[in-house]
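The values are calculated or read from the model by the stated rules, or taken from the named source; none is laboratory data. Every value quoted in this text rests on a predicted model; they were computed, and no experiment measured them. Using ideal geometry, Cβ is built from the backbone for each residue, glycine included, and neighbour counts are taken over all protein chains shown. Note: accessible area is taken over every heavy atom of the protein model, side chains too, but ligands, DNA and RNA are not part of it. Shrake-Rupley method; radii C 1.70, N 1.55, O 1.52, S 1.80 Å.
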Amino acid sequence: MDSELNLFTDEITNEANDYESFLQTIKNQIQTVQLDAALAVSRRLILLYWQIGSEIRKRQSAQGWGAKIVQKLANDLRFAFPSVEGFSRTNLLYARSFAEAYPDIQILQQLLQQSPVSWSHHTRILDKVKKPDARLWYIRAASENGWSRSILELQIESDLFTRQGGAVTNFDRTLPPLQSDLARQILRDPYNFDFLTLGKDAHERELENGLMAHVKSFLLEMGQGFALLGTQFPLT
């Protein structure tokens with residue numbers, strides 16, 4: 001009897017272990033697809049900013065357009081795309097500076113493919129780093145080390161490029177992308193949400209899901225006498 005019970009218990013344990021392994025595999029696949037999709041949107045958005053900035057530069061140079069054209073363009077784009085906040089005057093000026101910093105589109109495309117970082121990372125590098133080789137170094141370092149925007153700023157302020165730019169790095173021994181701060185920021189980048197016109201709804205869903213997860217855990221801890229009917233459940 002005891003041997004049969006032990007065999008039954010072992011089967012249950014093995015099934016549980018198999019399911020946990022299966023669940024973890026699916027979760028990893030979902031996270032990978034989420035990150036791939038976010039990176040694709042981020043790259044396309046950055047190229048769009050480059051194209052807009054490049055067109056602004058061409059017309060200001062060839063047709064003598066002044067600085068006021070940037071404000072007019074920002075107003076018109078925001079009128080056409082009211083739910084997208086990435087077309088402010090400030091961001092269009094960043095786009096122009098970005099196109100000026102990286103004039104070769106092919107080199108930029110290779111850089112975005114090899115070293116994906118968010119638009120916010122690029123704007124901070126434009127603000128704080130003036131040397132072209134240092135800019136490229138910080139982009140690659142941020143990508144390969146998974147630096148968040150705040151960590152990137154700290155590294156720039158400490159002049160890490162000068163101190164370590166020519167040294168052997170540990171870039172190839174960093175956290176996997178799904179575990180890095182950079183990956184989490186790219187997944188939640190407000191520029192991406194605004195560009196896809198998902199911003200407010202997406203943030204609301206995220207807040208609701210976070211609250212409901214805590215509510216469920218709390219009710220389970222309370223034991224009998226409590227019930228959770230569901231989310232957004234109608235009451236009459």
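Among the trypsin sites (Lys or Arg not before Pro) found in the stretch 33-132, those both in a DSSP coil and sparsely packed, with 14 or fewer other Cβ atoms within 10 Å of their Cβ, are LYS130. Here the 3J(HN,Hα) profile of the stretch 92-105, calculated from phi with Karplus coefficients 6.51, -1.76 and 1.60 at θ = phi - 60°, is 5, 5, 4, 4, 5, 5, 5, 5, 6, 6, 10, x, 8, 5 Hz, Gly and Pro shown as x. Checking the Cα-Cα distances for LYS72/LYS130; LYS27/LYS131; LYS27/LYS130 against a 31 Å cut-off, the pairs over it are LYS27/LYS131; LYS27/LYS130. Around the amide H of GLU85, modelled in the peptide plane, lies no amide H under 5 Å away from a residue 5 or more places distant or on another chain.
Among the protein heavy atoms, those of VAL41 account for about 30 Å² of accessible surface (1.4 Å probe, every chain in place). Computed from backbone phi with θ = phi - 60° and the Karplus coefficients 6.51, -1.76 and 1.60, the 3J(HN,Hα) list for the stretch 107-122 is 5, 5, 4, 5, 5, 5, 6, 7, 10, x, 9, 6, 4, 4, 4, 4 Hz; x is used for glycine and proline.
If you take the Cα centroid of the stretch 144-166 and the Cα centroid of the stretch 10-89, the two points sit 23 Å apart.
Rounded to the nearest 20, the size of the Cβ-charge dipole of the stretch 26-93 about its Cα centre is 200 debye, with Lys and Arg at +1 and Asp and Glu at -1. The chymotrypsin sites (Phe, Trp or Tyr not before Pro) of the stretch 41-140 meeting both criteria, a DSSP state outside H, G, I, E and B (loop) and at most 16 other C-beta atoms within 10 angstrom of the site's C-beta, are TRP65.
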